[in-house]
1. Answer yes or no as to whether Pro90 is touching a residue at least 60 places away in the same chain (Cβ under 8 Å), in a loop (DSSP other than H, G, I, E, B) and open to solvent by 40 Å² or more (accessible area, probe 1.4 Å).
2. Anything in the range 93-122 that is surrounded by fewer than 19 Cβ atoms within 10 Å (Cβ to Cβ) and within 26 Å of Arg191 (Cα to Cα)? List them, or say none.
3. Quick check on my filter: what residues within the range 202-230 are more than 15 Å from Thr85 (Cβ to Cβ), within 19 Å of the chain's Cα centre (by Cα) and open to solvent by 40 Å² or more (accessible area, probe 1.4 Å)?
4. Name the residue, out of Ala13, Ala70, that is at pLDDT 95 or above, assigned to a helix (DSSP H, G or I), surrounded by fewer than 18 Cβ atoms within 10 Å (Cβ to Cβ) and of a type outside the set (D, E, K, R).
5. Among Gly145, Gly168, Gly156, which is the only one that is within 20 Å of the chain's Cα centre (by Cα) and closer than 21 Å to Asp77 by Cα?
6. What is the one condition in (1) under 15 Å from the mean Cα position of the chain (by Cα); (2) among the hydrophobic types (A, V, I, L, M, F, W, C); (3) closer than 15 Å to Gly103 by Cβ that Ile116 does not satisfy?
7. Can you tell me which residues in the range 192-230 are farther than 29 Å from Pro141 by Cβ and not in a loop (DSSP other than H, G, I, E, B)?
8. Yes or no: Val135 among the aliphatic types (A, V, I, L, M), open to solvent by less than 30 Å² (accessible area, probe 1.4 Å) and farther than 26 Å from Pro48 by Cβ?
Amino acid sequence: MPHAQLLVEDRPAGYRWLRLARPERRNALDPRLLTAVRDALAAEPGAPVLLGSTDPQVFCAGADLTISDAERAVVSDLVYDCCETIVTRPGPVIAVITGAAVGGGAQLAAASDLRIAGPGARLRWIGPPGLDLAVGAWLLPDLVGRGAALDITLTGRWVEAAEALALGLVNRVADDPLTQAEQLAADLAARGSGAGVKAVMAAGGLLDRLHAEREVNRAAWARVNSVGQR
């Protein structure tokens with residue numbers, strides 16, 4: 001079903017745009033929005049997808065802090081649904097990051113097959129304090145190596161665009177990331193889906209680590225919600 005806070009546009013060159021459009025909440029994620037993202041990613045699975053924001057100042061602020069803990073547990077689970085869809089769909093997903101990407105937003109960006117950033121992009125893998133969540137541990141070692149991944153995930157610090165490029169968190173930093181991303185998506189659409197490449201890249205334990213992180217966070221949210229119920 002269409003969602004007012006997710007803009008979906010099919011382009012004649014054969015790729016799709018998915019834009020988070022909840023600027024009043026900095027694109028914060030709730031269950032309905034994430035369900036729409038997941039379903040839009042799963043539709044037309046062979047087509048390249050650009051995943052971005054209508055607000056150049058923010059990619060996604062992570063889970064909506066105004067919803068209940070029970071709903072935030074659902075958001076956490078849906079983030080992993082979206083990430084698994086990104087990893088396993090045959091068509092490539094290109095994240096276009098022009099502003100801040102935090103928590104679940106950083107997860108969606110990092111899970112994308114390619115990441116094109118603007119100079120103002122910055123990313124942060126962090127969850128609510130005190131819950132002992134794992135955020136990004138399943139994926140970041142493949143992108144930046146174990147040492148840098150531990151630094152980023154344990155400290156929850158910001159990674160600015162220049163450092164993200166140096167570490168390999170983003171593939172390109174461009175003054176006009178939208179144009180670069182659209183040119184790349186059109187080229188990939190003309191070349192073919194890349195399904196074989198993606199299938200090989202997903203092998204070797206990546207999805208096992210995704211499932212492991214998902215279970216860690218399910219258990220953490222279950223503890224929070226059981227305390228709340230008491």
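1. yes
2. Leu114
3. Asp208, Arg209, Ala212, Glu215, Val216, Arg218
4. Ala70
5. On inspection, the qualifying residue turns out to be Gly156.
6. That leaves (3) as the condition not met.
7. Asn225, Ser226, Val227, Gly228, Gln229 - these are the residues of the range 192-230 that are farther than 29 Å from Pro141 by Cβ and not in a loop (DSSP other than H, G, I, E, B).
8. yes
The values are calculated or read from the model by the stated rules, or taken from the named source; none is laboratory data. Source: prediction; values computed, not measured. So basically every Cβ, Gly included, is an ideal-geometry build from the backbone, and we count neighbours across all protein chains shown. Accessible surface is based on the protein model in full, side chains and every heavy atom, while ligands, DNA and RNA are left aside. Shrake-Rupley method; radii C 1.70, N 1.55, O 1.52, S 1.80 Å.
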